[in-house]
Amino acid sequence: MVLKLKVGYSNVYAILGILLGTLAFLNYLFPLNHMPFPSGPHSVGFRSFEVTNPEPIGLSGISYSDSAKIRLDIWYPADEVSGYERKGWINNDPIVFEGFEIMTGYPKDLFEHLYRVRTNSFTGAPSSMDSSSWPVVILLLGWSSISELHTSLAESLASSGYLVAGIEHPGACAVVTFSDNSVYYFLGNDLLDGLPLDTRENKLRFLFEYLSRDIDYVIEFLKEMNEDPSSDFYERLNMEGIGLYGHSGGGSVAIRYALSNKEVPMVLADPTLEGFTIQELVSALSNPVLLMASSEWESGVNGEFLSLIPEDSVKLNYNLHISGMRHVDFAMVRNLSPLTYFFGETGRFMNKKDAMNYLDSAVKFFFDSIFFGRSIEPLFKLSDSVPEFSLSEY
């Protein structure tokens with residue numbers, strides 16, 4: 001009898017061990033990595049809007065007609081958030097997960113847990129009513145991204161007194177949905193291939209010019225909201241203080257916009273420089289710029305272009321090189337799953353506990369120096385404290 005009991009207990013322990021091991025493995029594959037808590041004095045509110053796209057293009061060759069709307073996600077300073085729902089990182093929408101599957105080639109099952117990741121943003125919370133007005137930072141996303149992949153940065157800035165607006169243009173993002181149930185998936189190279197132009201460079205120039213118009217549409221939308229007495233954002237925005245954050249293709253859109261909007265400050269995270277002449281890059285980079293470059297991107301076409309720009313042709317701007325970092329790391333891809341590192345999608349830098357906070361802080365210190373007149377010294381101190389950072393002026 002005693003022997004049977006021991007065997008029975010051994011089986012129970014074995015089963016429990018297998019279950020716990022399985023749970024640990026699943027937790028590793030599908031982590032609930034909540035957003036870093038922002039350091040600013042404000043809580044963070046979140047809202048989505050649909051902005052009119054007054055000049056949509058149509059491409060008959062690929063049966064494509066652009067949407068007459070753009071999606072706009074905004075993060076902003078809030079004070080009272082009790083009673084408001086904390087936003088999940090990625091919306092719990094099967095269509096979004098299908099878009100991720102199409103974009104990445106990985107099964108949508110790998111992403112369906114992400115709505116359970118808690119952010120520090122509260123949907124619909126009333127805006128802060130302090131006496132200051134907020135500068136506006138417009139997020140220009142990389143090709144195939146979505147604005148939520150920059151949530152950590154958006155919350156860091158919004159908690160510190162900025163309104164952050166992420167533009168999602170249908171066809172250029174992984175997936176964009178609207179209130180009328182229309183859905184637009186990422187078009188990839190089909191969009192470029194369908195443009196009736198002769199060279200890739202001309203196609204890119206056309207696309208960057210077209211997408212840069214979104215910035216004006218969004219600024220006009222925010223301006224109207226700022227001047228509307230019935231709006232929760234009435235007279236809260238500093239419409240004279242507008243900055244751009246552009247990653248990858250979004251960096252190209254920022255550069256294109258800067259060519260006709262001198263002095264607009266920009267953070268360019270691994271911008272795509274293909275499709276610009278050296279003269280255009282010299283002109284755009286004369287704006288206040290923090291150029292952030294991963295090891296992967298700096299050694300390619302970007303490095304070749306930048307090496308051709310004379311050192312004395314731009315103003316006192318900043319170049320932050322980040323070793324051990326890959327191009328997609330600016331878009332929080334590492335937080336989707338640790339498998340992204342083992343599959344070679346993300347770099348070792350993002351395995352650091354505070355890597356995301358370091359990136360967010362670099363952006364914040366730069367914009368703080370522009371919009372709040374603060375010293376740029378914290379950016380240099382940050383660079384000195386992070387071994388992978390190398391900051392220089394150019």
Worksheet item: Two-decimal Rg/Rh of segment 177-251 from alpha-carbon positions, Kirkwood Rh?
Response: 1.09
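Can you give the helix-only mean residue ellipticity at 222 nm for the chain, where every DSSP H stretch with n ≥ 4 adds -39500 (n - 2.57) and the sum goes over all residues, rounded to the nearest 500 deg cm²/dmol?
-10500 deg cm²/dmol
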Practice prompt. Convert each backbone phi in segment 136-142 into a coupling constant with the Karplus relation 6.51 cos²θ - 1.76 cosθ + 1.60 (shift: θ = phi - 60°), then list the ³J(HN,Hα) values in order as whole Hz, x for Gly and Pro.
Written response: 10, 10, 9, 8, 10, 7, x
Practice prompt. Once you have the Kirkwood Rh of segment 238-394 from its Cα pairs, apply Stokes-Einstein at 37 °C and 0.692 mPa s and quote D in µm²/s.
Written response: 206
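Once Rh is set to the Kirkwood radius over Cα pairs, what Stokes-Einstein translational diffusion coefficient, in µm²/s, holds for segment 94-227 at a temperature of 10 °C and a viscosity of 1.306 mPa s? Kindly include the intermediate steps, with their values, before the conclusion.
Details: Rh = 17.1 Å.
Here the translational diffusion coefficient equals 93 µm²/s.
How much length is gained if the chain between Lys223 and Asn91 is pulled fully straight, taking 0.36 nm per residue apart and subtracting their Cα-Cα distance, in nm to one decimal?
44.8 nm
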Practice prompt. Quickly work out the Ser299-to-Phe342 label distance, labels modelled 7 Å from Cα along the C-beta direction, and quote it in nm with one decimal.
Written response: 2.4
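Tell me, what is the per residue accessible area of segment 266-394 in Å², probe radius 1.4 Å?
On the way: 5510 Å² over 129 residues.
Roughly 43 Å² per residue, with all protein chains present.
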Worksheet item: Is any helix in the chain, taking whole DSSP H runs, at least 18 angstrom long along its axis by alpha carbon and on average at least 0.5 on the Kyte-Doolittle scale, and which ones?
Response: 2-29, 355-371
Practice prompt. Return the long-range amide H neighbours of Leu140 (sequence gap of 5 or more, or a different chain), with a cut-off of under 5 Å between placed amide H atoms.
Written response: Tyr245, Gly246, His247
Fill in: Overall Cα dimensions of segment 302-394 - principal axes, largest extent first, Å
42, 32, 22
Discussion item. For the chain, place one equal point scatterer on every Cα, skip the solvent, and apply the Debye formula. What is log10 of I(q)/I(0) at q = 0.07 Å⁻¹?
Written reply: -0.34
Practice prompt. Work out the FRET efficiency for Ser375 and Asp216 from their Cβ-Cβ distance, taking R0 = 22 Å, and round it to the nearest 0.05.
Written response: 0.10
Discussion item. Taking a virtual spin label 7 Å from the Cα of Glu80 along the C-beta vector, which residues in segment 126-151 bring their backbone nitrogen under 15 Å of it?
Written reply: 126-130
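The values are calculated or read from the model by the stated rules, or taken from the named source; none is laboratory data. Nothing here was measured: the structure is a model prediction, and the numbers come from that model. No Cβ is skipped: glycine too gets one built from the backbone with ideal geometry, and neighbour counts run over all protein chains shown. Note: accessible area is taken over every heavy atom of the protein model, side chains too, but ligands, DNA and RNA are not part of it. Shrake-Rupley method; radii C 1.70, N 1.55, O 1.52, S 1.80 Å.
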